Amino acid sequence: MNSIATEARTSGASGPAESGRAGGDRFGPHRARRRPGRVDRRVASWWWVVPAVVLTVGIQYFGVAAGSVFAFTDWKGAGAFRFVGVDNFVAAFQSPATVQALWNTLFLALCFVVLTNVLGLALAVSLNRVLKTRYLMRVLIFMPVVLSPLAVAYIWKFIFQPNGPLNGLLRSLGLDSWAVAWLGDPSTAIWTIVVVVVWQNIGLTMVIYLAGLANVPPELEEAAAVDGASAWARFFRVVLPLLRPTVVIASALTLIQGLRIFDHVLALTGGGPFNATQTLATLVYKETFVNSEFGYGSALSLILTLLITVAAILQVTLLRQRED
Amino acid sequence: MMQQHPPSRKPRTAQLAVLSLAAAFALAGCSAGSDASSNDGPVTITLATETRFGETSAYEEIITAFNESNDQGITVELQEIPTESYSQTIRTQFQAGNAPDIIWGSPGSGSNNALGTFADAGQLADLSDEEWASASIPASSDELYYDDGVLSAVPVDVAPISQVINVTGYGGAGISPATTYDEVLEQCADVRSQGLTSLFGVAGAQTSNTGLLALELAASKVYAADPDWNEQRAAGDVTFADSDGWRATLESVLDLNEAGCFQPGVEGGSPETVTPEFTVGKILSIFAPAGIAANLAELAPDAEISVAAFPGESADDTFLFASPSNALAINAASAHVDAAKTLLEFWMEPENLDAFAEISGNVSLATVLNGTPVSERFANLETYLTDPDRNAPLPNLVWPNTEVYDALGVGVQGLLTGQATVDQVLESMDATWQG
């Protein structure tokens, strides 16, 4: 206390009566006491963040950057390599297999987005209210989401086998002509993959839309019903517009997920028959780890990364429009 | 109020930096490779191989015998790596500098586990001056194992690539393994008429099996008449597209499919769908390495499982691929190259080669090198195994890159589904040939 008074006198402060000077003097010491605390917290926060930043940059971003460098080489995964410029990219777009894989990737992603969102929204609307068993139904529909994609794919592979349960059922119903080699027929193979991935992930979009529907006031629907709007009209003119932000998020997330489908394709068809279900992701795996073309595989991986990045940018753009 | 002393950040930062660097050096010093002991005294070396069917590894038997018998204090540890990730794991270990002392692989450069890739990168020890190594290479496999005169791996057995047949099923159908190609086509119809599934089972969804099917057909149609076809292709004197033999090979795939030789839905077939029907005799034969006959016999205790060569146009045209595809090589950066060589030299002794083949299910290398009697289980193949003009290594092993065999396997898929023509498949094989 004495030392503070002495400090105040020596600094020119005359005490509380001279409020301006005292205020200035009072702010000076207070500012000096606050600054070290704020800096301490900032430094402490950085120490918590640094390990995560180091790991993320070191493993993810450095790995991506290193892989991107190899995209311009002819590296075989062992020994020396040469820089070949954009030869790998030229070869990729000249390769019928790569072009086919690109189309398959876009096709699978489009089907995945449309079907998971439409069916997921339908399930969400159905299980939003009214049904007493809706909570049990939500759990059952969501359960496949938490299963391993590989395990799911192998189970469905068994179901789709030429002498598997599905064909057995079809034959028992007298539908022998429908009992085809689902995974070996180029006209059905990619659709079987669509069925499996949609089946496994429809619960995720359902949950997203349920969260969105929770924010739709039931009074608005009731008011529209009072005004004579049909169920369809209430949905398309009241509920759906209010769900727009949820639709944007769900569709953007499923688009990114759809572009990356890998496990199901690898387990169900391996990319066959005759590349009919080959995607960019499976082609990257095949070229890199089976054919040991690390340079070419890295180039394909870079192409896929750019494709997914464009999708992510679309998501950000749509979100900004929502905010506006 | 307690006075807060500003933390001495700089000294603390320095301490943490030093600790981090020390940890980094400690981690970098860790090695999963061989024990870095001195050259004198006991040494431990590692041998890596792929796992097979989860049973006792044939490699472990020889390793145990070596560990117990050698008086140089050398201990060998076996590392078993799942087949699907073996190639990538070994490649990563070489890049990281902690690869095993000895690795398994296939000779040449045409397979997924090609040792040629590591040899080209200078990562395998040169065995050219080792007499025991040179003596272990069959004359028909010189091209496979020597690259510009350098030998960097040794075979450990010989794997016949043949038909694996259900003898009991054949007997039940009243037929014996065909000796001519026309007889095969007749049997296909006969088997179907008896209500069985098919004469042959093919995992059409697996390009490795469709590729093997094509190679077994090519054995008689290409390499019986032209054993040096691969050399001609490497020299650019021939191509797949202008080869009558290869054209006939792929046309045979179409013929066999149209004749009902393959199971219904072959394009979607897999080992999981074919094996159950094979073990109960509904499918009588599969295209596979002969070595798995013993494994299939365990799955079919009520049936006799054996092997047979796929016939050519005539019995005289029949040709067999008997491939020394399992090889061991030494890591050039190993700290115990001499100890590794000691192990391999032990392995090349005839009695150890015989013992290894007995467990691996393949033909002993000693049989091919020294003309010792063929094992009873390969009695059907003795004619081809003992005549150097009737057998050769798998041709894809000497192809310059794996994409060629992949193009063949994928192409056969396309033939089965109607997505590709013979010309397209042959052209794709030429297009993927590097060099």
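Overview of results
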| read-out | value |
| --- | --- |
| The stretch A:91-323: projected area of the alpha-carbon convex hull, averaged over directions, in nm² | 15.9 nm² |
| Sorted by Cβ density within 10 Å, fewest first, the residues A:143, B:429, A:137 | A:143, A:137, B:429 |
| Local net charge near residue B:387, Cβ-Cβ under 14 Å (Lys/Arg +1, Asp/Glu -1) | -3 |
| Ranked list, fewest to most other Cβ atoms within 10 Å of each Cβ, for A:182, A:103, A:232 | A:232, A:103, A:182 |
| R0 of 45 Å, Cβ-Cβ distance residue B:358-residue B:96: FRET efficiency to nearest 0.05 | 0.80 |
| Amide hydrogen neighbours beyond the local backbone of residue B:401, cut-off 5 Å, H modeled | B:434 |
| Residue A:55-residue B:186 FRET efficiency (beta carbon distance; Förster radius 45 Å; 0.05 resolution) | 0.10 |
| Spacing of the two label points (7 Å from each Cα toward its C-beta) at residue B:70 and residue B:134, in nm | 2.3 nm |
| Cut-off under 5 Å, modelled amide H: who pairs with residue B:81 long-range | B:49, B:50, B:51 |
| Residue of B:174, B:414, B:110 that the Gaussian network model of chain B assigns the largest fluctuation, springs spanning Cα pairs under 10 Å | B:174 |
| Packing-based exposure ordering (other Cβ within 10 Å, fewest first) of A:126, B:375, A:172 | A:172, A:126, B:375 |
| Dipole moment magnitude, nearest 20 debye, chain B about Cα centre, only Lys, Arg, Asp, Glu C-beta charged | 2180 debye |
| GNM flexibility winner over chain A from A:65, A:44, A:91 (Cα, springs under 10 Å) | A:44 |
| Computed label-point distance, nm, for sites residue A:171 and residue A:132 using a 7 Å Cα→Cβ extension | 4.4 nm |
| Spatially proximal lysines relative to residue A:76 (Cα-Cα < 23 Å; intrachain offsets below 8 disregarded) | A:286 |
| Per-selection Rg to Rh, the protein assembly as shown - Cα, Kirkwood hydrodynamic radius | 1.10 |
| Cubic angstrom per residue, convex hull over Cα atoms of the stretch A:95-216 | 134 Å³ |
| Förster-model FRET efficiency, 30 Å R0, residue B:225 and residue A:150, C-beta, rounded to 0.05 | 0.10 |
| Within the protein assembly as shown, helix-based [θ] at 222 nm, where runs of 4 or more DSSP H residues each add -39,500 (n - 2.57), nearest 500 | -16500 deg cm²/dmol |
| Rounded to whole Hz, the Karplus (6.51, -1.76, 1.60) HN-Hα couplings of the stretch B:297-310, x for glycine and proline | 4, 5, 7, 10, x, 8, 10, 9, 10, 9, 10, 7, 7, 6 |
| Rg/Rg_ref, chain B, where Rg_ref = 2.2 N^0.38 Å and atoms are Cα | 1.14 |
| In order through the stretch B:198-214: 3J(HN,Hα) via Karplus (6.51 cos²θ - 1.76 cosθ + 1.60), integer Hz, x for Gly, Pro | 5, 6, 10, x, 10, 7, x, 7, 10, 5, 5, 7, 5, x, 5, 4, 5 |
| 3J(HN,Hα) from dihedral phi, the stretch A:251-259, Karplus parametrisation 6.51/-1.76/1.60, rounded to Hz, x for glycine, proline | 5, 5, 5, 6, 5, 4, 5, x, 6 |
| Cα centroid of the stretch B:108-126 to Cα centroid of the stretch A:101-154, whole Å | 46 Å |
| Gained length - residue B:302 relative to residue B:142, 0.36 nm times residue gap less alpha-carbon distance | 53.4 nm |
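Laboratory data are not the source of any read-out in this text; all were calculated from the coordinates shown. Values in this document were obtained by computation on a predicted structure and should not be read as measured data. All Cβ positions, even for glycine, are placed from backbone atoms using ideal geometry, and neighbour counts span all protein chains on display.
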